[in-house]
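A short reminder: the numbers here are calculations on the coordinates, not readings from a lab. All values derive from a computational prediction rather than experimental measurement. Here the Cβ positions follow ideal geometry from the backbone for every residue, glycine too, while neighbour counts run over all protein chains shown.
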Amino acid sequence: MSFPTRPESHSELHSVSAALIRELLPVVKFSELIDPPESCAVCLYEFDGEDEIRRLTNCRHIFHRSCLDRWMDHDQKTCPLCRTPFIPDDMQESFNERLWLASGISDFYGEYSPVATGL
Ligand SMILES: [Zn+2]
Ligand SMILES: [Zn+2]
C-alpha cells in the first residue's frame, strides 16, 4: 500500500477514506456470484457475466464497481439501496485508526485534545 504524493488539501481525508473503503469492499465477477439480483440499483442496468461487481461487506448488496465508485466519489459512505453504512460498527474503530495512519493528519486530534489552561 502506498500513497506516493500527498497534496496539501483538506479533501485529502475524504479521498483516503474512499480509498480505504474500496480496499475493504471485495470486487468480484458477476458470474462468480451465487443467486445474485438481476440489475444494479444505481444504474438500473442488468448485470452481465463479465461485469466487475463490488459487494458491500455489511448488507451484502451488490453494485457495478464503477457505479459504487462514483457513488463514493460523492462522499457517500452508505449503501445506495438500504443506507447501511459500508463499514460495520465493529470495524469502524480499526477503520478510523487506519484512516488516521494513512492520512497522517495530526490536527485531526485537535478537537479532542484537552485544552491546557492555567498550567
Ligand atoms: Zn450499475
Ligand atoms: Zn444495502
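So here's what we get for this one:
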{"quantity": "Interchain or long-range residues, amide H under 5 Å from T78's placed H", "calculated": "F86"}
{"quantity": "Cβ-defined net charge surrounding H61, 11 Å radius [Lys, Arg +1; Asp, Glu -1]", "calculated": "+4"}
{"quantity": "Unit charges on C-beta of K, R, D, E only; dipole of segment 12-103, Debye", "calculated": "160"}
{"quantity": "Estimated translational D of segment 12-103 in µm²/s (Stokes, Kirkwood radius over Cα pairs; 20 °C; 1.002 mPa s)", "calculated": "158"}
